[in-house]
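The values are calculated or read from the model by the stated rules, or taken from the named source; none is laboratory data. Computed from a prediction, not measured in an experiment: that's the story for all the values here. Glycine gets a Cβ as well: all are built from the backbone with ideal geometry, and neighbour counts include every protein chain shown. We work out accessible area using only protein heavy atoms, side chains counted, and drop any ligands, DNA or RNA first. Shrake-Rupley method; radii C 1.70, N 1.55, O 1.52, S 1.80 Å.
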Amino acid sequence: MDRRDTWMARPWLAAAVTLGLLLVLGSLVYWQWQQQQQRVQAQQRERFQLEVDDISQRVLSRMQTYEMVLRGVAGLMAGSEHVDPQEWQRALDQLQLQERYPGIQALGWSRYLTQAQLPGFLDEVRQQGRKDYQAFPPESREQYLLIDYLSPLDWRNRRALGFDMLSEPTRRAAVEQAIDSGEATLSAPVILLQETDVDVQAGVLLYLPVYQPDQALSSPRARRAALIGTVHGAFRGENLIKGMLGPRADRFDIAIRDQQSQDTWLVRAEPRA
């Protein structure tokens with residue numbers, strides 16, 4: 001029996017060989033497709049990671065710029081025995097916050113006070129003509145860090161004047177870390193007092209302590225003893241990111257996280273669907 005007769009006698013053999021070839025070719029095509037998909041996905045991940053790294057650097061650079069602004073204001077407050085509201089406003093007007101530093105909601109000065117110092121401070125505020133200034137929350141405490149000045153003094157920021165930064169746990173944790181370390185410290189996310197019921201955004205606060213000049217600051221205890229107040233930047237989260245990234249911000253969900261380290265300002269970016 002020749003080979004042709006063998007094939008005719010066993011038709012299932014031809015079908016099996018054909019099926020085997022189809023399976024091999026199909027597997028090869030599927031493998032090649034998988035390899036191509038993996039290459040495409042790897043390229044997409046690489047492009048995305050490069051963009052995330054770029055965003056991280058932009059955010060870090062911008063937050064370092066904000067820190068330098070705070071240090072300049074801290075120098076003003078530490079270098080003068082008394083800065084009245086008019087001096088504060090003139091100094092802050094020179095910074096042109098809204099034009100030069102988009103994304104910052106407010107820059108503020110908070111006065112550190114003991115319970116015994118509070119009545120004298122409130123008398124001083126009234127003598128300045130600020131009749132509507134009220135310290136809050138109203139409960140008595142041993143220590144206060146009251147927001148004294150804010151700029152710009154618009155309707156949103158007026159809502160925060162007189163607030164005690166030490167009365168709320170998240171803010172207090174960041175303040176105490178800043179005081180003990182002597183470094184700028186970013187808070188965990190909070191709802192700012194500037195928020196209303198419309199377009200509520202999570203926010204963050206960047207604190208920098210201000211100490212009495214010519215005082216030893218060699219330990220956390222010494223820093224606390226020399227503390228006169230803090231300057232801070234307040235940021236509404238979405239506004240902050242848009243101010244940094246512009247139209248690119250709409251492509252990502254971005255969160256600023258406090259890592260309890262010197263490199264505080266990190267970004268997690270995820271592409272929006």
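Modelled this way, with points 7 Å down the Cα-to-C-beta line, the labels at R100 and V40 are 4.9 nm from one another. Between R159 and I191, the simple spin-label model (points 7 angstrom out along Cα→Cβ) gives 1.0 nm. Charge tally around D180: other residues with Cβ under 14 Å, Lys/Arg +1 each, Asp/Glu -1 each, net +2. Each residue was assigned an accessible area with a 1.4 Å probe, and for Y112 the value is about 50 Å².
Where the only charges are on Cβ atoms (+1 Lys, Arg; -1 Asp, Glu), what is the dipole of segment 157-239 about its Cα centre, to the nearest 20 debye? Intermediate values should be presented prior to the final figure.
Details: 8 positive and 10 negative charges, 51 e Å.
Taking the Cα centre of segment 157-239 as origin, the dipole is about 240 debye.
With a Förster radius of 51 Å applied to the C-beta separation of R221 and R126, the computed FRET efficiency comes to 0.90. Extension gain, E139-R71: 0.36 nm per intervening residue step, less the Cα-Cα distance, totals 21.3 nm.
How high is the FRET efficiency from D180 to E238, r the C-beta distance, R0 35 Å, rounded to 0.05? Using R0 = 35 Å, I get an efficiency of 0.70.
Can you work out the FRET efficiency for the pair V198 and Q32, with r the C-beta to C-beta distance and R0 = 41 Å, to the nearest 0.05? It would help to have the intermediate numbers written out before the result.
Numbers: r = 54 Å, r/R0 = 1.32.
After rounding to 0.05, the efficiency reads 0.15.
Residue separation of Q49 and H82 scaled by 0.36 nm, minus their Cα-Cα distance, works out to 7.0 nm of gained length. Net charge in the neighbourhood of R111 (other residues with Cβ under 11 Å of its Cβ; Lys, Arg +1, Asp, Glu -1) is -3. On full extension, the segment bounded by D214 and Q57 gains 53.0 nm, given 0.36 nm per residue less the C-alpha separation.
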